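Participant: So that we are looking at the same thing, I have put the structure below in structure tokens.
The values are calculated or read from the model by the stated rules, or taken from the named source; none is laboratory data. Bear in mind the structure is a predicted one, so any value in this text is a computation, not a measurement. Virtual Cβ from ideal backbone geometry, glycine too; neighbours counted across all protein chains shown. Ligands, DNA and RNA are stripped out before the accessible areas are found, and what is left, the full protein with its side chains, is counted by its heavy atoms. Shrake-Rupley method; radii C 1.70, N 1.55, O 1.52, S 1.80 Å.
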Amino acid sequence: MSDVYDALQKIVGKDYVSNQAEERYFYGRDPGLMPPHEPDYVVMPKTTEEVQEIIKLANREKVPVTPKGGGLALTGLVIPLKGGIVMDLKRMDRILEVNEKAAYAVVEAGVTHGALKSCLQKYHPRLRHSIPDSPPIATIVANAVIHGQGRLSQQRGFNSDMVSGLEVVLGTGEICRIGSCALSSRWFSKGPPLPDLSGLFLGWFGSTGVITKLGMKLYPCKKIRDVMLFLTDKADLVPEVIRKLAYTEMIEDIVVTAQPLPPRFKGNFYILLYITGDSEEEIEFKKKMAWEALMVYFESRDGGFVSVTPDMKPPFLAMPSKDTTRFADVSKGGGFEYSGPIAPIDKYTPYLEKLEELASKYKLFYSSAARVIDGGHSMMFSFSYTFNRANPDEMKRAKTALDEAAEFALEEDGVIWKPNINEQQMIMERMDPNTLKLMTDIKKLLDPNGIMNPGNWEAK
């Protein structure tokens, strides 16, 4: 083992590798409920070539490697389940290119959403990217790897749909480029008209390779951004409201919130509509379209728009939203986790009923935020529960509730988002056997020695 440590020092320098107890403790856990497991080493490469040398070393020594971005997934995806090396990519923090004419950016693996947002606001104010509601330190690559969603997902799909190219170090150590960047200097397409090979890496949680560079599509940054708030107390109307709004093609982002506190929230469903435009006339036209789409609920008195005063707007318009951070400390113990199935929007009501049922059964505080994806073709529904980290019993109850929520989501046509290893097993047990065999064959081809984030997407 000392030979591995010495070899890592030679690759990255003595200041960027550790086998000390403090680092191994920190890198052996995440903020969620999955049990910790410490690595043997933590290493922080600076270049693609250093990543390549680490992977080659790991293959020779048969040492597991777990790539790590911001570590904010909450579901244990960067916990080194079999020890070995945690590869922290935060030193790979360069924004390599912003191409205004082709509307894309190329970033290294450690670039955060906050850093890209700041760069675009300062140097390219006409462009923006899809910002998730995770903290600004979330990395762009890691968010794409887990198929994250952001403020443009209602119109554009998952953030992984907005990827325009990849550079990957395979589990065998080869460096490979995916998309148009494989044959030109431009990172404008991750696949078409070529075969789209990005799916060999997006969604795999680093178990097929390490993404070292990523192209991300950029979109117009409108001059004005506004929010509307529609309220109904009938859960079964929510899917219909969402569909009507999405079909106007005027709404940039749609988020539905439900929670029991403060008391005025209980039993009500708040549907946030985000609208952007380059003029007040454009904003007013889009608002008018939203009003007309939902007029039927005014007439039936089943819902209506709530006035959003100027002092109320800043929290709603913040990117990323701080609501998740505030919710995480409701139990005054800093614990928060959610199961977030991707599902058809007509599953909103049964999912909500299950969320409330589990909260009552296990005596937990709950919240839910459902984000509409791709014009209403699906949504991400969060079964969210808080817990006090100083209360093991409450943590156990939260874990049991989340497990039951995941089982229910799968039974009700959902697909679990960023699943932990237990949820991955639930998925694979239900999967078409030929699909599972194909996944297994791909993983063996790209990672023949089984060193890449082992434990993830491994069928029992």
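Participant: Just for strands (runs of 3 or more DSSP E) wholly inside the range 264-368: which have at least 1 residues that are within 26 Å of the chain's Cα centre (by Cα) and at pLDDT below 95?
Facilitator: It comes to 269-277, 334-343.
Participant: Looking at this structure, is LYS444 on the phi < 0 side of the Ramachandran plot, among the basic types (Lys, Arg), out of contact with any Asp or Glu (no Cβ under 6 Å at 6 or more places or on another chain) and in contact (Cβ under 8 Å) with a residue 24 or more places away in the chain?
Facilitator: The answer is no for LYS444.
Participant: While we're here: What about MET87, is it surrounded by 24 or more Cβ atoms within 10 Å (Cβ to Cβ) and either modelled with pLDDT of 95 or more or part of a loop (DSSP other than H, G, I, E, B) (or both)?
Facilitator: Against the criterion (surrounded by 24 or more Cβ atoms within 10 Å (Cβ to Cβ) and either modelled with pLDDT of 95 or more or part of a loop (DSSP other than H, G, I, E, B) (or both)), MET87 qualifies.
Participant: Right, something else. From the list LEU170, LEU183, LEU200, LEU218, pick out the single residue that is in contact with a Cys (Cβ under 8 Å, 6 or more places away or on another chain) and among the aliphatic types (A, V, I, L, M).
Facilitator: Only one candidate qualifies: LEU170.
Participant: Name the single residue, out of those in the range 1-44 being touching a helix residue (DSSP H, G or I) at 6+ places or on another chain (Cβ under 9 Å) and among the hydroxyl-bearing types (Ser, Thr, Tyr), that is surrounded by the most Cβ atoms within 10 Å (Cβ to Cβ).
Facilitator: Only one residue fits best here, namely TYR41.
Participant: Here's a follow-up. Does the range 154-174 hold any residues that are closer than 28 Å to ILE55 by Cα, of a type in the set (S, T, N, Q) and open to solvent by 10 Å² or more (accessible area, probe 1.4 Å), and which are they?
Facilitator: The answer is THR172, and nothing else.
Participant: Oh, and also: Any residue that is over 18 Å from the mean Cα position of the chain (by Cα), in a helix (DSSP H, G or I) and loosely packed, with under 15 Cβ neighbours inside 10 Å - is there at least one of those in the range 447-460?
Facilitator: Within the range 447-460 (the criterion being over 18 Å from the mean Cα position of the chain (by Cα), in a helix (DSSP H, G or I) and loosely packed, with under 15 Cβ neighbours inside 10 Å), the answer is no, since none of the residues qualifies.
Participant: Tell me the residue from GLU394, GLU407 that is at pLDDT 95 or above and not aliphatic (A, V, I, L, M), please.
Facilitator: None of the others qualify; the one that does is GLU407.
Participant: Can you tell me which residue within the range 123-174, out of those that are small (Gly, Ala, Ser) and closer than 15 Å to GLY71 by Cβ, is modelled with the lowest pLDDT?
Facilitator: SER134
Participant: Taking the range 94-113 as the region of interest, how many residues are within 19 Å of the chain's Cα centre (by Cα) and open to solvent by 20 Å² or more (accessible area, probe 1.4 Å)?
Facilitator: Looking only at that region, the number is 1.
Participant: For the range 416-439, which residues satisfy the criterion of being within 22 Å of the chain's Cα centre (by Cα), of a type in the set (Val, Ile, Thr) and either assigned by TED's automatic domain parsing to the domain that holds ASP403 or assigned to a helix (DSSP H, G or I) (or both)?
Facilitator: Listed by number, the residues that qualify are ILE421, ILE427.
Participant: Scan the range 114-128 for residues that are among the basic types (Lys, Arg) and surrounded by 18 or more Cβ atoms within 10 Å (Cβ to Cβ) and report the count.
Facilitator: 1
Participant: I'm trying to understand the selection: among the residues of the range 129-151, which are touching a strand residue (DSSP E or B) at 6+ places or on another chain (Cβ under 6 Å) and either buried (at least 19 other Cβ atoms within 10 Å of the Cβ) or among the aromatic types (Phe, Trp, Tyr) (or both)?
Facilitator: Scanning the range 129-151 gives HIS129, THR139, ILE140, VAL141, ALA144, GLN149, ARG151.
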